[in-house]
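The values are calculated or read from the model by the stated rules, or taken from the named source; none is laboratory data. Every value quoted in this text rests on a predicted model; they were computed, and no experiment measured them. Methodologically, a virtual Cβ is constructed for each residue, glycine included, from the backbone with ideal geometry; neighbour enumeration extends over all protein chains shown. What goes into the accessible areas is simple: the full protein's heavy atoms, side chains included, and nothing from ligands, DNA or RNA. Shrake-Rupley method; radii C 1.70, N 1.55, O 1.52, S 1.80 Å.
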Amino acid sequence: MIDGTRVVHEVRYPHPPERVWRALTDPAELSAWLMPNDFTAEEGARFRLDARPSHLEPFDCEVLEVDPPHRLRTRWVVRGAPTIVTFELRADDGGTVLRVEHDGLPTDEQPNFDGGWGTKFAIDLRDVLDGARDPAAATRDATGLTHHPAYVSSR
Amino acid sequence: MPAAGAPLVDDVFGVLAHPVRRQLLERLAAAGEHRVTDLAGPVTVSRSAVSQHLRLMRSIGVVSERRAGRERYYRLERERLGEVESWLMRIDRFWERGLRRLGEHLDTHP
(Lines give C-alpha, C1' and ligand atoms only; values in the text may rest on other atoms or scores of the structure.)
Protein backbone atom coordinates (compact mmCIF):
# COMPACT_ATOMS: atom_id res chain seq x y z
CA MET A 1 0.00 0.00 0.00
CA ILE A 2 1.05 3.58 -0.50
CA ASP A 3 1.15 5.74 2.60
CA GLY A 4 1.96 9.30 1.64
CA THR A 5 5.20 8.94 -0.27
CA ARG A 6 6.12 5.63 1.34
CA VAL A 7 5.31 2.21 0.02
CA VAL A 8 4.57 -0.14 2.91
CA HIS A 9 3.97 -3.89 2.81
CA GLU A 10 3.51 -6.31 5.68
CA VAL A 11 3.38 -10.04 5.15
CA ARG A 12 3.55 -13.04 7.44
CA TYR A 13 5.72 -16.01 6.55
CA PRO A 14 5.51 -19.38 8.33
CA HIS A 15 9.24 -19.34 8.95
CA PRO A 16 11.27 -18.12 11.94
CA PRO A 17 12.86 -14.64 11.87
CA GLU A 18 16.38 -16.05 11.57
CA ARG A 19 15.38 -17.83 8.36
CA VAL A 20 13.73 -14.76 6.89
CA TRP A 21 16.73 -12.64 7.93
CA ARG A 22 19.01 -14.98 6.02
CA ALA A 23 16.89 -14.57 2.91
CA LEU A 24 17.28 -10.80 3.24
CA THR A 25 21.01 -10.76 3.84
CA ASP A 26 22.63 -13.71 2.06
CA PRO A 27 23.60 -12.74 -1.51
CA ALA A 28 22.70 -16.13 -2.99
CA GLU A 29 19.31 -16.03 -1.28
CA LEU A 30 18.69 -12.46 -2.42
CA SER A 31 19.49 -13.45 -5.99
CA ALA A 32 16.83 -16.12 -5.83
CA TRP A 33 13.92 -13.84 -5.00
CA LEU A 34 15.11 -10.24 -5.49
CA MET A 35 17.90 -9.76 -8.00
CA PRO A 36 21.61 -10.39 -8.56
CA ASN A 37 23.68 -8.55 -5.95
CA ASP A 38 26.88 -8.36 -3.96
CA PHE A 39 25.31 -7.61 -0.63
CA THR A 40 27.11 -7.83 2.70
CA ALA A 41 25.26 -7.18 5.95
CA GLU A 42 27.59 -4.57 7.40
CA GLU A 43 26.78 -0.98 8.21
CA GLY A 44 28.42 1.29 5.68
CA ALA A 45 28.95 -1.49 3.14
CA ARG A 46 28.18 -0.62 -0.45
CA PHE A 47 26.50 -3.09 -2.71
CA ARG A 48 24.83 -3.26 -6.09
CA LEU A 49 21.49 -4.61 -7.17
CA ASP A 50 21.40 -5.63 -10.76
CA ALA A 51 18.02 -4.79 -12.21
CA ARG A 52 19.13 -5.15 -15.82
CA PRO A 53 17.71 -5.35 -18.38
CA SER A 54 14.71 -3.47 -17.01
CA HIS A 55 17.09 -0.75 -15.87
CA LEU A 56 20.13 0.49 -17.77
CA GLU A 57 22.44 0.38 -14.80
CA PRO A 58 22.56 -1.59 -11.56
CA PHE A 59 21.45 0.34 -8.50
CA ASP A 60 24.18 1.60 -6.23
CA CYS A 61 23.21 0.82 -2.66
CA GLU A 62 24.48 1.17 0.85
CA VAL A 63 23.73 -0.59 4.11
CA LEU A 64 22.69 2.01 6.69
CA GLU A 65 21.62 -0.04 9.68
CA VAL A 66 21.92 -3.73 10.56
CA ASP A 67 20.23 -5.17 13.65
CA PRO A 68 19.89 -8.93 13.16
CA PRO A 69 17.38 -10.41 12.93
CA HIS A 70 15.13 -7.39 13.53
CA ARG A 71 15.93 -4.52 11.25
CA LEU A 72 17.78 -3.82 8.05
CA ARG A 73 17.88 -0.36 6.54
CA THR A 74 19.43 0.34 3.17
CA ARG A 75 19.71 3.10 0.63
CA TRP A 76 19.04 2.25 -3.01
CA VAL A 77 19.97 4.82 -5.61
CA VAL A 78 17.39 4.38 -8.34
CA ARG A 79 17.71 6.44 -11.54
CA GLY A 80 20.11 8.72 -9.72
CA ALA A 81 17.75 9.26 -6.78
CA PRO A 82 18.46 7.97 -3.28
CA THR A 83 15.58 6.03 -1.74
CA ILE A 84 15.44 4.27 1.61
CA VAL A 85 14.36 0.62 1.98
CA THR A 86 13.73 -0.64 5.51
CA PHE A 87 12.97 -4.23 6.53
CA GLU A 88 11.59 -4.97 9.98
CA LEU A 89 11.01 -8.47 11.27
CA ARG A 90 9.00 -9.56 14.25
CA ALA A 91 8.41 -13.06 15.53
CA ASP A 92 4.81 -14.17 15.32
CA ASP A 93 3.84 -17.49 16.84
CA GLY A 94 6.47 -19.57 15.05
CA GLY A 95 6.43 -17.41 11.98
CA THR A 96 7.65 -13.92 11.05
CA VAL A 97 5.87 -10.74 10.12
CA LEU A 98 8.03 -8.87 7.66
CA ARG A 99 7.41 -5.19 7.13
CA VAL A 100 8.98 -3.47 4.16
CA GLU A 101 8.96 0.28 3.90
CA HIS A 102 10.30 1.82 0.73
CA ASP A 103 10.45 5.55 0.88
CA GLY A 104 9.98 6.24 -2.80
CA LEU A 105 10.72 9.91 -2.54
CA PRO A 106 14.30 10.90 -3.28
CA THR A 107 15.49 11.89 0.12
CA ASP A 108 18.17 14.01 1.67
CA GLU A 109 17.78 11.95 4.80
CA GLN A 110 21.15 11.82 6.47
CA PRO A 111 22.44 10.79 9.86
CA ASN A 112 22.41 13.67 12.30
CA PHE A 113 25.30 14.18 14.66
CA ASP A 114 23.20 12.90 17.53
CA GLY A 115 22.74 9.56 15.74
CA GLY A 116 19.18 10.31 14.73
CA TRP A 117 17.83 10.79 11.23
CA GLY A 118 16.22 13.76 9.66
CA THR A 119 15.72 15.80 6.56
CA LYS A 120 17.87 18.86 6.04
CA PHE A 121 15.16 21.31 5.13
CA ALA A 122 12.52 23.16 7.10
CA ILE A 123 9.68 22.30 4.75
CA ASP A 124 9.22 18.58 4.25
CA LEU A 125 8.99 17.82 0.54
CA ARG A 126 6.50 15.10 1.49
CA ASP A 127 4.02 17.76 2.47
CA VAL A 128 4.51 19.48 -0.86
CA LEU A 129 3.79 16.26 -2.71
CA ASP A 130 0.86 15.33 -0.52
CA GLY A 131 -0.60 18.73 -1.20
CA ALA A 132 -0.05 18.22 -4.92
CA ARG A 133 -1.81 14.87 -4.89
CA ASP A 134 -4.78 16.03 -2.84
CA PRO A 135 -6.83 18.41 -4.99
CA ALA A 136 -8.67 19.79 -1.96
CA ALA A 137 -5.38 20.80 -0.41
CA ALA A 138 -3.95 22.28 -3.57
CA THR A 139 -4.67 25.84 -2.55
CA ARG A 140 -3.32 25.42 0.95
CA ASP A 141 -0.24 27.47 1.74
CA ALA A 142 2.60 24.98 2.02
CA THR A 143 4.04 26.65 5.06
CA GLY A 144 0.80 25.29 6.76
CA LEU A 145 5.22 20.93 4.05
CA THR A 146 17.47 -8.68 -8.06
CA HIS A 147 14.94 -8.17 -11.28
CA HIS A 148 11.76 -6.21 -11.47
CA PRO A 149 9.52 -4.95 -14.26
CA ALA A 150 8.34 -2.18 -11.91
CA TYR A 151 11.28 -0.11 -13.11
CA VAL A 152 10.78 -0.74 -16.82
CA SER A 153 11.41 2.54 -18.48
CA SER A 154 8.65 3.98 -20.57
CA ARG A 155 11.20 4.96 -23.21
CA MET B 1 23.01 20.93 -19.45
CA PRO B 2 23.22 17.63 -17.56
CA ALA B 3 26.67 16.46 -16.63
CA ALA B 4 28.14 13.64 -18.69
CA GLY B 5 26.80 10.34 -17.38
CA ALA B 6 24.02 12.01 -15.39
CA PRO B 7 20.60 10.37 -15.67
CA LEU B 8 18.30 11.75 -18.34
CA VAL B 9 15.55 13.78 -16.71
CA ASP B 10 12.30 13.24 -18.47
CA ASP B 11 9.78 13.12 -15.70
CA VAL B 12 8.94 14.40 -12.27
CA PHE B 13 10.97 11.74 -10.52
CA GLY B 14 14.06 12.90 -12.38
CA VAL B 15 13.34 16.43 -11.24
CA LEU B 16 13.15 15.22 -7.64
CA ALA B 17 16.37 13.25 -7.97
CA HIS B 18 18.65 16.27 -7.62
CA PRO B 19 19.14 17.75 -4.14
CA VAL B 20 19.35 21.35 -5.38
CA ARG B 21 16.10 20.92 -7.27
CA ARG B 22 14.49 19.53 -4.14
CA GLN B 23 15.59 22.64 -2.28
CA LEU B 24 14.18 24.81 -5.05
CA LEU B 25 10.90 22.93 -4.97
CA GLU B 26 10.62 23.48 -1.25
CA ARG B 27 11.15 27.21 -1.72
CA LEU B 28 8.68 27.26 -4.58
CA ALA B 29 6.16 25.42 -2.41
CA ALA B 30 5.57 28.62 -0.45
CA ALA B 31 2.54 30.06 -2.19
CA GLY B 32 2.89 32.56 -4.98
CA GLU B 33 5.65 33.56 -7.33
CA HIS B 34 9.37 33.77 -6.76
CA ARG B 35 12.21 35.52 -8.49
CA VAL B 36 15.44 33.71 -9.28
CA THR B 37 17.24 35.90 -6.75
CA ASP B 38 14.89 34.77 -4.00
CA LEU B 39 15.28 31.13 -4.99
CA ALA B 40 19.05 31.29 -5.43
CA GLY B 41 19.68 32.93 -2.05
CA PRO B 42 19.43 29.90 0.24
CA VAL B 43 21.06 27.35 -2.05
CA THR B 44 24.80 26.91 -2.30
CA VAL B 45 25.15 26.71 -6.07
CA SER B 46 25.60 29.63 -8.46
CA ARG B 47 22.71 31.67 -9.74
CA SER B 48 23.36 30.39 -13.24
CA ALA B 49 23.15 26.80 -11.97
CA VAL B 50 19.83 27.69 -10.37
CA SER B 51 18.63 29.10 -13.68
CA GLN B 52 19.61 25.88 -15.42
CA HIS B 53 17.70 23.82 -12.90
CA LEU B 54 14.67 26.06 -13.29
CA ARG B 55 14.88 25.71 -17.07
CA LEU B 56 14.86 21.94 -16.73
CA MET B 57 11.99 22.03 -14.24
CA ARG B 58 10.04 24.22 -16.67
CA SER B 59 10.65 21.75 -19.48
CA ILE B 60 9.14 18.99 -17.35
CA GLY B 61 6.32 21.29 -16.30
CA VAL B 62 6.71 21.34 -12.51
CA VAL B 63 7.50 25.02 -12.66
CA SER B 64 6.02 27.79 -14.79
CA GLU B 65 7.57 31.13 -15.60
CA ARG B 66 6.03 34.55 -16.01
CA ARG B 67 7.98 37.48 -17.36
CA ALA B 68 7.20 41.03 -16.31
CA GLY B 69 9.59 43.41 -17.97
CA ARG B 70 13.07 42.12 -17.19
CA GLU B 71 11.97 40.10 -14.20
CA ARG B 72 11.05 36.42 -14.34
CA TYR B 73 8.71 34.95 -11.75
CA TYR B 74 8.48 31.22 -11.05
CA ARG B 75 5.55 29.29 -9.71
CA LEU B 76 5.20 25.66 -8.66
CA GLU B 77 2.82 23.64 -10.84
CA ARG B 78 1.49 21.23 -8.24
CA GLU B 79 -0.57 19.08 -10.59
CA ARG B 80 2.57 17.91 -12.33
CA LEU B 81 4.10 16.86 -9.02
CA GLY B 82 1.10 14.59 -8.56
CA GLU B 83 2.65 12.29 -11.15
CA VAL B 84 4.92 10.96 -8.47
CA GLU B 85 1.92 8.75 -7.70
CA SER B 86 2.56 6.54 -10.71
CA TRP B 87 6.17 6.09 -9.61
CA LEU B 88 5.03 5.00 -6.17
CA MET B 89 2.57 2.57 -7.72
CA ARG B 90 5.38 0.94 -9.63
CA ILE B 91 7.36 0.53 -6.42
CA ASP B 92 4.23 -0.86 -4.79
CA ARG B 93 3.83 -3.50 -7.49
CA PHE B 94 7.54 -4.30 -7.31
CA TRP B 95 7.32 -5.20 -3.63
CA GLU B 96 4.06 -7.06 -4.01
CA ARG B 97 5.73 -9.32 -6.55
CA GLY B 98 9.03 -9.51 -4.72
CA LEU B 99 7.52 -10.46 -1.38
CA ARG B 100 5.46 -13.14 -3.05
CA ARG B 101 8.62 -14.54 -4.61
CA LEU B 102 10.30 -14.36 -1.20
CA GLY B 103 7.48 -16.45 0.25
CA GLU B 104 7.79 -19.03 -2.50
CA HIS B 105 11.55 -19.14 -2.00
CA LEU B 106 11.21 -19.67 1.74
CA ASP B 107 8.62 -22.40 1.28
CA THR B 108 10.76 -24.31 -1.23
CA HIS B 109 14.02 -23.78 0.72
CA PRO B 110 13.05 -23.94 4.39
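Could you check the simple spin-label distance between B:R47 and B:A31, using points 7 Å along Cα→Cβ, in nm with one decimal?
2.9 nm
Evaluate peptide B:24-30: per residue, the Cβ atoms of other protein chains within 10 Å of its Cβ; return the mean as an integer. The partial results should precede the final answer.
Numbers: counts 0, 6, 11, 3, 2, 12, 6.
Partner Cβ neighbours, averaged per residue: 6.
Would you pull out the residues with amide H under 5 Å of B:V63's amide H, same chain only if 5 or more places away, H placed 1.01 Å from N?
Placed amide hydrogens put B:R58, B:E77 under 5 Å from B:V63.
Carbon-plus-sulfur fraction of the accessible area of segment A:1-76, 1.4 Å probe, in percent? Intermediate results must be reported in sequence, preceding the final value.
Working: 1770 of 3610 Å².
Roughly 49 percent, rounded to a whole number.
What's the average, rounded to a whole number, of partner chain beta-carbon atoms within 10 Å of each residue's beta-carbon in A:8-17? Numbers along the way, then the final one.
Values: counts 2, 6, 1, 6, 1, 6, 4, 6, 1, 0.
Taking all residues of A:8-17 together, the mean is 3.
Enumerate the calculated ³J(HN,Hα) couplings along segment B:59-67 in order (Karplus 6.51 cos²θ - 1.76 cosθ + 1.60, θ = phi - 60°), each rounded to whole Hz, writing x wherever the residue is Gly or Pro.
5, 7, x, 7, 9, 10, 10, 10, 9
Taking 20 °C and 1.002 mPa s as the conditions, I'd like the Stokes-Einstein D for segment B:1-108 in µm²/s, using the Kirkwood hydrodynamic radius from alpha carbon pairs.
Working: Rh = 15.8 Å.
For these conditions, the coefficient is 136 µm²/s.
Mind giving me the nanometre distance, one decimal, between the label points for B:R55 and B:R100, set 7 Å out from Cα along Cα→Cβ?
4.6 nm
Which listed residue (B:V62, B:G32, B:F94) has the Cα farthest towards the positive end of the charge dipole for chain B, taking +1 on Lys and Arg C-beta and -1 on Asp and Glu C-beta about the Cα centre?
So the residue we want is B:G32.
Order of B:29-38, B:65-74, B:10-19 by packing, highest average Cβ count within 10 Å first?
Numbers: B:29-38: 14.9, B:65-74: 11.3, B:10-19: 21.0.
Top to bottom by mean Cβ count within 10 Å: B:10-19, B:29-38, B:65-74.
Taking the Cα centre as origin and putting +1 on Lys and Arg beta-carbons and -1 on Asp and Glu beta-carbons, what dipole magnitude results for chain B, to the nearest 20 debye?
Values: 19 positive and 15 negative charges, 111 e Å.
In total the dipole reaches around 540 debye.
What average number of partner chain Cβ atoms lie no more than 10 Å from the Cβ of the residues making up A:19-25?
Numbers: counts 3, 3, 0, 2, 5, 1, 0.
For this peptide, the per-residue mean of nearby foreign Cβ atoms is 2.
Hey, can you find the accessible area per residue of segment B:19-58 for me, probe 1.4 Å, expressed in square angstrom? Kindly include the intermediate steps, with their values, before the conclusion.
Numbers: 1750 Å² over 40 residues.
Using a 1.4 Å probe on heavy atoms only, each residue of segment B:19-58 averages 44 Å².
Can you give the calculated 222 nm mean residue ellipticity of chain B, where each DSSP H run of n ≥ 4 adds -39,500 (n - 2.57) and the sum is split over every residue, rounded to the nearest 500 deg cm²/dmol? Mind showing how you got there, number by number?
Numbers: 6 runs with 64 residues, N = 110.
After summing the helix terms and dividing by the residues of chain B, the value is -17500 deg cm²/dmol.
Along the three principal axes, how long is segment A:1-46 when you take its alpha carbons, biggest first, rounded to the nearest angstrom?
31, 28, 20
Quick one: buried accessible area between B and A, total over both chains, 1.4 angstrom probe, nearest 100 Å²? Before the final figure, lay out the partial values.
Values: alone 7900 and 9660 Å², together 13240 Å².
Rounded to the nearest hundred, the buried surface is 4300 Å².
Compute the helix-to-body angle for B:19-29: its Cα long axis versus the longest principal axis of chain B, expressed 0 to 90° and rounded to tens.
Around 70 degrees separate the two axes.
Specify whether the C-alpha gyration tensor of segment B:25-76 places it in the rounded, prolate or oblate class, a ≥ b ≥ c being the square roots of the eigenvalues: rounded for a/c under 1.5, otherwise prolate if a/b is larger than b/c and oblate if not.
Working: a/c = 1.21, a/b = 1.16, b/c = 1.04.
Judged from the Cα gyration tensor, segment B:25-76 comes out rounded (a/c under 1.5).
For labels at B:D10 and B:R66 in the simple 7 Å Cα→Cβ model, what's the distance in nm?
It is 3.3 nm.
Please report the accessible area of A:V77 (heavy atoms, 1.4 Å probe, ligands and nucleic acids excluded) in Å², nearest 10.
50 Å²
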